[in-house]
Amino acid sequence: MDTNKSEQRLPAPHAEMDLELKVRDYECDMGQVVNNAVYLNYLEHARHELLQSLGISFAQLAKRSIDLVVTRIEADFKASLTSGDSFVVRTAFERKGRLRLAFNQSIYRLPDNKLMLNAVVIGAALNERGRPTILPELLESFGSLG
């Protein structure tokens, strides 16, 4: 049995969450489908819920003059949700290096679990000077940054 530690690779620390939601009439455009910009709201809501489940409070961060910002979003729209559809936003979070946060997110229509959207969202925490900073809450959740 080879126990060479230099060849063993551990997965990056991560957290996952599913959030069920329902399409509201006012989220649809004239084509009777969810407006493309609304999907970004769904993704943001799911990211907030996941971070709160890890003990990261946006209100507490604001009191410390720390802002969580999105620096990049890549979204692949696969199909359209319509008014009344139930769906789940599946969010997987992982740290990317010392300062970046990565969220891999998918939206699935329920109950058939049809994939509607895949997205990757990259973000960071900024301090009061607008400089990237490390969140102590992430250190508590994921341990040393290595």
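Where a number appears in this text, it was derived from the coordinates with a stated rule and is not lab data. Fair warning: this is a prediction, and the values are worked out from it, not measured in the lab. As a convention, Cβ positions derive from the backbone with ideal geometry for all residues, glycine included, and neighbour counts pool all protein chains shown.
The figures follow:
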| quantity | calculated |
| --- | --- |
| For a label point 7 Å along the Cα-to-beta-carbon line of Asn127, residues of region 62-76 with backbone N under 17 Å | 62-69 |
| Residue-count net charge about Arg72 - beta-carbon cut-off 13 Å; Lys, Arg +1, Asp, Glu -1 | +1 |
| Length released on extending from Asp112 to Phe77, taking residue separation times 0.36 nm less the Cα-Cα span | 10.9 nm |
| 15 Å beta-carbon shell around Asp85, net charge (K/R +1, D/E -1) | 0 |
| Ordering of 30-43, 88-101, 58-71 by packing [mean C-beta count within 10 Å, highest first] | 88-101, 30-43, 58-71 |
| Surrounding net charge for Leu99, when Lys and Arg each add one and Asp and Glu each subtract one, Cβ distance under 15 Å | +4 |
| Rg(Cα)/(2.2 N^0.38 Å) for region 15-135, N = residue count | 1.13 |
